[in-house]
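Peer 1: Shown below is the structure under consideration.
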Amino acid sequence: MANNRRMSGKKGAQVGSGGQRRRGLEGKGPTPPAEMRKGHVKQRAAAAKVRRAQGRAPQRKGGGRSSSELVVGRNPVFEALRDGVPATTLYVQQFIDNDERVREALQLAAERGNIHLMEAPRPELDRMTNGLNHQGLVLQVPPYEYAHPEDLPAAAYDKGEDPLIVALDGVTDPRNLGAIVRSVAAFGGHGVVVPERRSAGMSAGAWKSSAGTAARTPVARATNLTRALEQYKKAGITVVGLAADGAAEAGDLPALSGPVVIVIGSEGKGLSRLVGETCDHLVRIPMPGGAESLNAGVAAGVVLYEASRRRS
């Protein structure tokens, strides 16, 4: 036992590091180039370049989808189907009185070929519509796929054209939105931008007012309209706002012949302060007849015509 105690006090073999400490002192080699360092601005730019080459756009805020919508009642359903409003399902009440309007709606849905016909009991339709007077017909409109604001000028440049875009500030009537989409299509514009909040969206009413042109004219949704306009300005696009007290008349503005965004406010309040301050120019539409203001859809049509005339 004494011998064992004496031996335990002696320094014996030590467990080594296996060379790890020595290798740790050797360093990690030369610093990799910026394009290979995770998080570096040049690495992000290189990754974006690869995505573009592969046809994958980076994730962006804005755009997105709306929620689905229900059109209820025999006349509204018939008119939505007649006017080409997109639809996924037509719900028909069991044992419904098969009058002329019901037959016409069923025929239109059948002619489309891509609308499901579903028979449902009245209590189920009451539940779906929260007790609205559906008259036995309910049409489901799918969510609208909004574009991103940057997509609109990109599409114009791809065609070799200067962007002609309309942005709406505080326009809450979907019929006005639909009418503006129709005017943009008629005068060769490249799309409409609406803010995410406090604005009309592409509902069934907007689709009907567009008279089918919403199928080929993109509507983009911006998380913040002021920031979207600032991005357009950085891209070399002139931002022109319509205002009753504008410094110049719309017909006298040369900028309408180039890349331009026309900003239209609500009929009552006009442009908001921040949006107005972001505009490069504020112009007015002369009204010798003495009217105080124009409906947003009419005002858009007037300025779009002038822009189209200058480009032809």
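The values are calculated or read from the model by the stated rules, or taken from the named source; none is laboratory data. In this text the structure is predicted, and so the values were computed from the model without any measurement. Reconstructed Cβ throughout: ideal geometry from the backbone, glycine too, with neighbour counts over all protein chains shown. Accessible surface is based on the protein model in full, side chains and every heavy atom, while ligands, DNA and RNA are left aside. Shrake-Rupley method; radii C 1.70, N 1.55, O 1.52, S 1.80 Å.
Peer 1: Mind jotting down the three principal axis lengths of segment 206-312 based on Cα atoms? Whole angstrom, largest first.
Peer 2: Rounded to whole Å, the extents work out to 36, 34, 32 Å.
Peer 1: Obtain the nm distance between the two label points defined at Q231 and N133 by a simple spin-label model: each point lies 7 Å from its Cα along the Cα-to-C-beta direction.
Peer 2: In this crude label model, Q231 to N133 measures out at 4.5 nm.
Peer 1: Next question, about the same structure. Separation between the V298 and R82 pseudo-spin-labels, each 7 Å from Cα along Cα→Cβ, expressed in nm?
Peer 2: Spacing of the two 7 Å Cα→Cβ label points: 2.6 nm.
Peer 1: Cβ under 10 Å from Q135's Cβ, Q135 left aside: what net charge do those residues give with Lys, Arg +1 and Asp, Glu -1?
Peer 2: 0
Peer 1: Shifting gears a bit: Suppose the chain between R198 and R103 were pulled fully straight at 0.36 nm per residue; how much longer would it get relative to their current alpha carbon spacing?
Peer 2: Between R198 and R103, full extension yields an extra 30.4 nm.
Peer 1: Can you check what the net charge comes to around G251, using other residues whose Cβ is under 11 Å from the Cβ of G251 (Lys, Arg +1; Asp, Glu -1)?
Peer 2: Here the count lands on 0.
Peer 1: To one decimal place, what orientation-averaged projected area in nm² is obtained for the convex hull of the Cα set of segment 73-167?
Peer 2: Quarter of the Cα hull surface area: 8.4 nm².
Peer 1: Related question: Sort 89-101, 139-151 for me by packing, meaning the mean count of neighbouring Cβ atoms within 10 Å per residue, highest on top.
Peer 2: In descending order of packing, they fall as 139-151, 89-101.
Peer 1: Another question, then. Using θ = phi - 60° and the Karplus curve 6.51 cos²θ - 1.76 cosθ + 1.60, what whole-Hz ³J(HN,Hα) does each residue of segment 271-283 get, with Gly and Pro shown as x?
Peer 2: 6, 6, 4, 5, 5, x, 6, 7, 5, 6, 9, 10, 10
Peer 1: How large, in percent, is the carbon and sulfur part of the accessible surface of segment 244-312 at a probe radius of 1.4 Å?
Peer 2: Of the solvent-accessible surface of segment 244-312, carbon and sulfur hold 52 percent.
Peer 1: Between R284 and residues 5 or more places away or on another chain, which pairs have amide H atoms under 5 Å apart, with H built 1.01 Å from N, and which residues are they?
Peer 2: A243, G246, A248, E249, A250
Peer 1: What net charge do the residues around A211 carry, taking every other residue with its C-beta under 15 Å from that of A211, with Lys and Arg at +1 and Asp and Glu at -1?
Peer 2: Once all neighbours under 15 Å are counted, the net charge is +3.
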